[in-house]
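Undergrad: Attaching a single structure in structure tokens format; questions to follow.
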Amino acid sequence: MINSAYFMSMLISGLKLGSIYAIVAIGYSIVYGILRLINFAHGDIMTIGVYIILMLMNQAGVPIPAALLISVAFSVGVGLLIERLAYRPLRDASEETTLISSLAVSALLQNMLQMVFSAQRQPFMLPEALRTTHKIGIVNLSTINIITFISTAIFLVILHLVLTKTRIGTAMRACSENLRAARLMGVNVNRVVMTAFAIGSGLAVIAGFLLAGEYKTVYPSLGFVPGLKAFCAAVIGGIGSLGGAVTGAFIIGIAEMLFAGLVPTTMTAYRDAFVFLLMVIVLLFRPNGLFGGSETARS
Amino acid sequence: MLEIKDLVVRYGGISAVKGISLEIAEGETVALIGANGAGKSSMLHAVSGLIKTASGKITFDRHDITGIGADRIVSLGLVQVPEGRQIFTRLSVDENLRMGAYVNRDKADIERNRARVLDLFPILKERAKQSAGTLSGGEQQMLAIGRALMSSPKMLLLDEPSMGLSPIMTEEVFGVLRGLKDQGITVFVIEQNAYDALELADRAYIMETGTITLEGKSSDLIRDERVKAAYLGGDI
Ligand SMILES: Nc1ncnc2c1ncn2[C@@H]1O[C@H](COP(=O)(O)OP(=O)(O)OP(=O)(O)O)[C@@H](O)[C@H]1O
Ligand SMILES: [Mg+2]
């Protein structure tokens, strides 16, 4: 019999994982919404961000907040560069073509990380202060968990406000519904796409930081599998729908942790497979995901 | 104001527009009539910069706009109301209007245009907060026109604005176009509804399978035997 404290701790881990997936899934979702491009390199942006943070902290002694900011700026640059070099020339190509291109970019980034930083795992320890736990009722929460929950909530609220209240945000929603009509309004699609990549890449670094803190290590393919899971989250929620991506992320995060916590230890290795199976099952019953609307006129 | 010279549009190996030329002067209202698949929308897409031209030259307001971005064409004051309305169904009516003013950054100006558009289409005022997908077909067409007017265009391109509308709504749409004409906005309207289009326009072109086969004053074309037979359903 599992006790409630154990269950609560799994739930909290699940919520934390869900928060991280949510931040990554948003990046997939806004880019897909506009370009119908599944950007598999998105997970690797996460990894790049973590390496930059590690380098800044270990070799230059930069404090975490500054390291995070610099890494976000750098990774946004990388994201924009990838968009410009790998995806923009394929703007009129089929979804399959851009998909293959994004897998190639992902492989390229992982190989470059291997060349620069070696394939070795490197320790990534969050400072003591972030790891101390606080007892609130029956649950134990570490400082980093509290920061994760609060910052995820803040990012989601800000993103919602940007999308609904600003000129560029409204244009992003218009583009994801009908790119051609948006162009007829005078929207510069490249600028909207760049905004989507910038937001996605920036958020990916935050997620990477939280993830590496959780794993306590960084390696060149760190972001790839979590990236795939965040993609699953976006698909489960209905790719292109932001609320859907966030909901999907929490469903996956919690389901994954419950699976890992409840099955015999010999089976915990299958937690990744479990997530992908979950996606397949959802898609069997809801091909457009939980919140995915039907497709409207495109191109 | 708008001059198209030897425009060719190709999809793969197939030419949809096979070297057409036309000219529309400032303040004129001109119609282009043609059957399904004649290449009307392809021509308009090329003018608005949505698709590449294979050859030819398009000039608007003394600017060569051939091959420049769709956003720059809108900024120059040439705005299209696309076939099938293409409003943003998931955005509210008000957000649709604001998207129409996307190239304009002057807030006061946007508010003035919005007030003007809502005066012209009072139904949109009632529905301002509603998502645009809930509007009827006729209301959506009003929104599409209103949205295009939000940027105070110098010239309006309309692609089959009466498509799929009831006779009453069609009449209303043409009433609106007449109003725009009276305000001195240059209007280029594509239609299959030849009678209403010829009634409205000063001049008209007839387009068949990618080429212009006939042009002239509307009052002449409306009596032309060939036009009567092909587009006006015999006697009217
Ligand atoms: N994206 C496309 N790819 C290939 N062929 C196309 C494409 N768009 C249009 N065509 C073809 O080009 C020709 C002209 O099409 P277009 O839409 O310009 O005609 P239209 O006069 O606007 O017709 P309608 O009155 O039905 O709107 C048609 O034969 C059509 O099948
Ligand atoms: Mg057409």
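Undergrad: Looking at region B:103-123, can you tell me whether even one residue there is in contact (Cβ under 8 Å) with a residue 60 or more places away in the chain and facing chain A (nearest Cβ under 10 Å)?
TA: Residues of region B:103-123 in contact (Cβ under 8 Å) with a residue 60 or more places away in the chain: none.
For region B:103-123, residues in contact (Cβ under 8 Å) with a residue 60 or more places away in the chain and facing chain A (nearest Cβ under 10 Å): absent.
Undergrad: Taking region B:46-82, which residues are of a type in the set (Gly, Ala, Ser) and touching a Leu at 6+ places or on another chain (Cβ under 8 Å)?
TA: Filtering region B:46-82 for residues of a type in the set (Gly, Ala, Ser) gives B:46, B:48-49, B:54-56, B:67, B:69-70, B:75, B:77.
Matches in region B:46-82: B:Ala46, B:Ser48, B:Ser55, B:Gly56, B:Ala70.
Undergrad: Looking at this structure, is B:Ile4 of a type in the set (A, V, I, L, M), part of a strand (DSSP E or B), at pLDDT below 95 and closer than 20 Å to B:Arg203 by Cα?
TA: Considered against the rule, which asks whether it is of a type in the set (A, V, I, L, M), part of a strand (DSSP E or B), at pLDDT below 95 and closer than 20 Å to B:Arg203 by Cα, B:Ile4 comes out as no.
Undergrad: Here is a follow-up. Please enumerate the residues belonging to region B:4-17 that are under 21 Å from B:Glu191 (Cβ atoms) and away from ligand 2 (no atom under 16 Å from the Cβ).
TA: B:Ile4, the sole residue that qualifies.
Undergrad: Moving to a separate point now. Take B:Ile65 and tell me if it is of a type in the set (Val, Ile, Thr) and under 17 Å from B:Tyr11 (Cα atoms).
TA: no
Undergrad: Among the residues in region B:78-99, are any more than 16 Å from ligand 2 (Cβ to nearest atom) and in contact with a Pro (Cβ under 9 Å, 6 or more places away or on another chain)?
TA: There is at least one residue in region B:78-99 that is more than 16 Å from ligand 2 (Cβ to nearest atom) and in contact with a Pro (Cβ under 9 Å, 6 or more places away or on another chain).
Undergrad: Report, ordered by the first and then the second residue, all pairs with beta carbons closer than 7 Å, sequence separation of six or more or different chains, a first member in region B:27-52 that is away from chain A (no Cβ under 14 Å) and away from ligand 2 (no atom under 13 Å from the Cβ), and a second member that is assigned to a loop (DSSP other than H, G, I, E, B) and among the small types (Gly, Ala, Ser).
TA: B:Gly27/B:Gly184; B:Thr29/B:Ala201; B:Val30/B:Ala201; B:Ala31/B:Ala201
Undergrad: As an exercise: evaluate A:Ile239 against (1) touching a helix residue (DSSP H, G or I) at 6+ places or on another chain (Cβ under 6 Å); (2) at pLDDT below 90; (3) aliphatic (A, V, I, L, M); (4) assigned to a helix (DSSP H, G or I) and give the number of the one condition it does not meet.
TA: Here A:Ile239 meets the rest and fails (4).
Undergrad: Is it true that B:Val30 is at pLDDT 95 or above, buried (at least 21 other Cβ atoms within 10 Å of the Cβ), in the same structural domain as B:Tyr231 (by TED's automatic domain parsing) and within 15 Å of ligand 1 (Cβ to nearest atom)?
TA: Answer is no for this residue.
Undergrad: Can you work out which of the residues in region A:162-216 that are in a loop (DSSP other than H, G, I, E, B) and facing chain B (nearest Cβ under 9 Å) is modelled with the lowest pLDDT?
TA: Top of the filtered list is A:Asn178.
Undergrad: Go through region B:63-75 and report how many residues are more than 10 Å from chain A (Cβ to nearest Cβ) and outside any loop (DSSP other than H, G, I, E, B).
TA: Counting residues in region B:63-75 that are more than 10 Å from chain A (Cβ to nearest Cβ) and outside any loop (DSSP other than H, G, I, E, B) gives 2.
Undergrad: Also, quick follow-up: Does at least one position in region A:202-216 carry a residue that is crowded, with 24+ Cβ neighbours inside 10 Å, under 12 Å from the mean Cα position of the chain (by Cα) and under 30 Å from B:Gly69 (Cβ atoms)?
TA: yes
Undergrad: Looking at B:Asp182, B:Asp224, B:Asp202, which one is farther than 15 Å from B:Gln80 by Cα, at pLDDT below 90 and either assigned by TED's automatic domain parsing to the domain that holds B:Ile20 or within 16 Å of ligand 2 (Cβ to nearest atom) (or both)?
TA: B:Asp224
Undergrad: In the list A:Thr268, A:Thr247, which residue meets the criterion of being modelled with pLDDT under 90 and in contact with a helix residue (DSSP H, G or I) (Cβ under 8 Å, 6 or more places away or on another chain)?
TA: A:Thr268
Undergrad: Going residue by residue through region A:122-143, is there one that turns out to be of a type in the set (S, T, N, Q), without any contact (Cβ under 8 Å) to a residue 12 or more places away in the chain and away from chain B (no Cβ under 14 Å)?
TA: yes
Undergrad: Is there a residue being over 16 Å from B:Leu214 (Cβ atoms), part of a strand (DSSP E or B), within 11 Å of ligand 1 (Cβ to nearest atom) and more than 14 Å from every other protein chain (Cβ to nearest Cβ) anywhere in region B:16-26?
TA: Checking region B:16-26: at least one residue is over 16 Å from B:Leu214 (Cβ atoms), part of a strand (DSSP E or B), within 11 Å of ligand 1 (Cβ to nearest atom) and more than 14 Å from every other protein chain (Cβ to nearest Cβ).
Undergrad: Only one residue in A:Ser19, A:Ser106, A:Ser75, A:Ser102 is at pLDDT 90 or above, out of contact with any helix residue (DSSP H, G or I) (no Cβ under 6 Å at 6 or more places or on another chain) and crowded, with 19+ Cβ neighbours inside 10 Å. Which one?
TA: A:Ser102
The values are calculated or read from the model by the stated rules, or taken from the named source; none is laboratory data. This one's a predicted model, so the numbers in the text were calculated from it and none came from an experiment. Positions of Cβ are backbone-derived with ideal geometry, glycine not excepted, and every protein chain shown enters the neighbour counts.
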